[in-house]
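The structure appears right after this line, and notes come after that.
Every number here is computed from the coordinates shown, using simple stated rules; none is lab data. Keep in mind that this is a model prediction, so the values were computed, not measured. Note that each Cβ is placed from the backbone with ideal geometry, even for glycine, and that neighbours are counted across all protein chains shown.
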Amino acid sequence: MSLKLETGYLKSFIGEDEYEAIQSQVTCAHELLKSKKGPGSDFLGWVTLPTDYDKEEFERIKVAAKKIQNSCDIFIVIGIGGSYLGARAAIEFMKSDKYNDLRKDTPAIYYAGNSLSSSHLSELVEICEGKDVCINMISKSGTTTEPAIAFRIFRELLEKKYGKEGAKERIFCTTDRAKGTLKHLADKEGYETFVVPDDVGGRFSVLTAVGLLPIAVAGIDIDALMAGARDAQHKYDDPDIESNDAYKYAAIRNILYRKDKTVEVLVSYSPRFVLMNEWWKQLFGESEGKNNRGIYPSSAVFSTDLHSLGQFMQEGTRMMFETTVLFDKRTRDFTIGFDPENVDGLNFLEGKKMSWVNKMAFEATVLAHTEGGVPQLVLECPDFTEYTLGEIIYFFEKACAISGYLLAVNPFNQPGVENYKKKMFALLGKPGYEAEREVLEAQIAKAQSEL
Ligand code: PA5
């Protein structure tokens, strides 16, 4: 069994003629992607990655993962954005959002360099005290401020603890094949390196060493993960939206967007999907949000958020649609017991599984939100296995590319992210940004004087 897009709940929002009308645009987007003639075509390495990856490096990742598992209690993954989210999302999806608290024979995994919070960083340093530590510094450019600062701190910590030679065995870098600050540093110090391919952008990089090394360290079967993605690569390659659910999802998003549904909420009923939500938000947000266009990607975990956002979703501004990622099999289940006194009045649920109660919450919510005017899409997934995860990753990546082309944007650049990075470099006093710094400081002074 594999993924299935359930579109039955959309009948009152999208007519059959609308699917027919958008098909030619989807075919055109498909051809742009296949012919590599669309915008951003230098970054299409992810399309064939599941079949076309570096097999030698893949084996080296497994060896490095074993070495890390055998030599540390704590593994720190340093990176931000596309150089962080995919790995964490996959680990939590496969293992648990409470991975570090589980009984296991793999190291605890912590994430650094994904914010500039000094308390977060110093807490991590404290957690590492008295423990054996390995680190994986991940940065395609090698110059991103957040991970660079964290790397400097953890490199010093490791060198102090193990000496330069000892630290060398515990530091793994994932970066550009040949160029950049991090690559030069790694070569100079003799750290083992892994490659972020030139033609794969950060948010599409989870199936490269960027994601695969941390994922393998967590004891996840990366062969099965790639197998799921590989089958998905073949499955989601048909331009016909009636036989390609990834393309149908992209088409539906755009049909709804053209009806002023400008926010998509990715919904899950499992806390272990929270980081997948974050990964998905980056994938779609960074790919589509440009040229004053795009669907704002948002997320929720139900039933938790039904008790916080539920009111808005039911009756607030009607600008959203929901896509629920629904799993058939749970990893574990509970059966609700019988209480002879029935003081909590729950005996009507005696013998019922928690997963069934959760499913009823889904059925009730879909009906209620449809009634409230929120279009409902459901992506049915069989289970929480590596194979399914590989398919989910590829499904969303392919859908994102097609959806971006339907929206007439370049889904593979991120000029807006660069803007903030440059301004921050200038304000921090990075050499080469002196002129911009003067302008920005004058702007800040003016704004403050007007307060
Ligand atoms: O998707 C992207 O391109 C970004 O999110 C980057 O991954 C993020 O900015 C980190 O960049 P780098 O890997 O160069 O440190």
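Those residues that are part of a strand (DSSP E or B) and either within 16 Å of the ligand (Cβ to nearest atom) or not hydroxyl-bearing (Ser, Thr, Tyr) (or both), I need them from the stretch 245-285; list them, please.
VAL263, GLU264, VAL265, LEU266, VAL267
Of ALA224, ALA229, which residue is within 29 Å of ILE76 (Cα to Cα), small (Gly, Ala, Ser) and over 18 Å from the mean Cα position of the chain (by Cα)?
Checking each option against the conditions leaves just ALA224.
What are the pairs with Cβ atoms under 9 angstrom where one residue, in the stretch 143-154, is within 15 Å of CYS173 (Cα to Cα) and among the hydroxyl-bearing types (Ser, Thr, Tyr) and the other, located anywhere, is part of a helix (DSSP H, G or I) and within 12 Å of the ligand (Cβ to nearest atom)? Sequence gap at least six, or different chains.
From the stretch 143-154, the pairs are THR143/THR181; THR143/LEU182; THR143/LYS421; THR144/GLY81; THR144/SER83; THR144/LYS421.
May I ask you to verify whether ILE215 is touching a residue at least 12 places away in the same chain (Cβ under 8 Å), surrounded by 23 or more Cβ atoms within 10 Å (Cβ to Cβ) and more than 14 Å from the ligand (Cβ to nearest atom)?
Numbers: touching a residue at least 12 places away in the same chain (Cβ under 8 Å): yes; surrounded by 23 or more Cβ atoms within 10 Å (Cβ to Cβ): yes; more than 14 Å from the ligand (Cβ to nearest atom): yes.
It is true that ILE215 is touching a residue at least 12 places away in the same chain (Cβ under 8 Å), surrounded by 23 or more Cβ atoms within 10 Å (Cβ to Cβ) and more than 14 Å from the ligand (Cβ to nearest atom).
Among what's in the stretch 129-148 and is away from the ligand (no atom under 13 Å from the Cβ) and either among the acidic types (Asp, Glu) or in contact with a Phe, Trp or Tyr (Cβ under 8 Å, 6 or more places away or on another chain) (or both), pick the residue that is nearest to LEU185 (Cα to Cα).
Across the stretch 129-148, the extreme among qualifying residues is ILE135.
Would it be correct to say that LYS188 is more than 25 Å from the chain's Cα centre (by Cα) and either within 14 Å of the ligand (Cβ to nearest atom) or surrounded by 15 or more Cβ atoms within 10 Å (Cβ to Cβ) (or both)?
The answer is no for LYS188.
Report whether or not VAL125 is closer than 28 Å to MET94 by Cβ, surrounded by fewer than 21 Cβ atoms within 10 Å (Cβ to Cβ) and over 21 Å from the mean Cα position of the chain (by Cα).
In short, yes.
Which of the residues spanning the stretch 80-114 are in a loop (DSSP other than H, G, I, E, B), in contact with a strand residue (DSSP E or B) (Cβ under 8 Å, 6 or more places away or on another chain) and at negative phi?
Scanning the stretch 80-114 gives TYR84, PRO107.
Out of the residues in the stretch 155-185 that are of a type in the set (Lys, Arg) and free of Cβ contacts under 8 Å to residues at least 40 places away in the same chain, which is nearest to the ligand (Cβ to nearest atom)?
Among those residues, the one meeting the criterion is LYS179.
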